[in-house]
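Read through the structure below, which is laid out as structure tokens, and then see the notes.
Since every read-out is calculated from the coordinates, none of them should be taken as a lab result. Computed from a predicted structure; not experimentally measured. For neighbour counting, all protein chains shown are included, and Cβ atoms are generated from backbone atoms with ideal geometry for every residue, glycine included.
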Amino acid sequence: MSAPPPLQIREANAHLAAVHRRATELEARLDAAECTVRAQAERLARHDQQLRAALDELGRTKDREIAVLQEQLLTSEATVHSLQAAVQQRDKLIGQLQPRAELLQDICRRRSPLAGLLAALAEAERLGPLPASDPGHPFAGGPSSPLANSTGEKGNRDHLKPAVFGTTV
């Protein structure tokens, strides 16, 4: 076997050097890419961890809010039941008071005539009985009195008592 010519050796050496440089360059790029991928993976892992922590906190916050809302719901339901019981009691009381209210309204409607009647009775009481000692008075209670016996009966009037006006209220 004969030795290759020097030109061919130089060309082969230049080619090997170029391949070596290219391999070194590709290894450097590979190392850089691996570093970038590792950095991105670490960032993604940290970000994933942060998102998981935020999600866990959101879950805990949601659970706390649900518990608060459930407590408010129970309190509201108790208040509703209490108010319904109070309404039922008031309805029962209204049912009991309604006849009395109607009676009072009837009394109020009749108040004016009653007040007039009471005023007339008070005036009659103020006037007092007729004087029996005045013989010249036409209504002294004698036999000629037209008011002495309003029933039209003739007879003994000793059983009749003199009328006295007054109020019993």
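Residues that are surrounded by 10 or more Cβ atoms within 10 Å (Cβ to Cβ) and aliphatic (A, V, I, L, M) within the range 1-28 comprise I9, A12, A14, L16, A17, A18, V19, A23, L26, A28, listed in sequence order.
The residue pairs whose first member lies in the range 11-31 and is touching a residue at least 12 places away in the same chain (Cβ under 8 Å), whose second member is basic (K, R), and whose beta carbons are closer than 9 Å, counting only pairs six or more residues apart or on different chains, do not exist in this structure. Restricting I107, I66 to residues that are touching a helix residue (DSSP H, G or I) at 6+ places or on another chain (Cβ under 9 Å) and surrounded by 10 or more Cβ atoms within 10 Å (Cβ to Cβ) narrows the list to I107.
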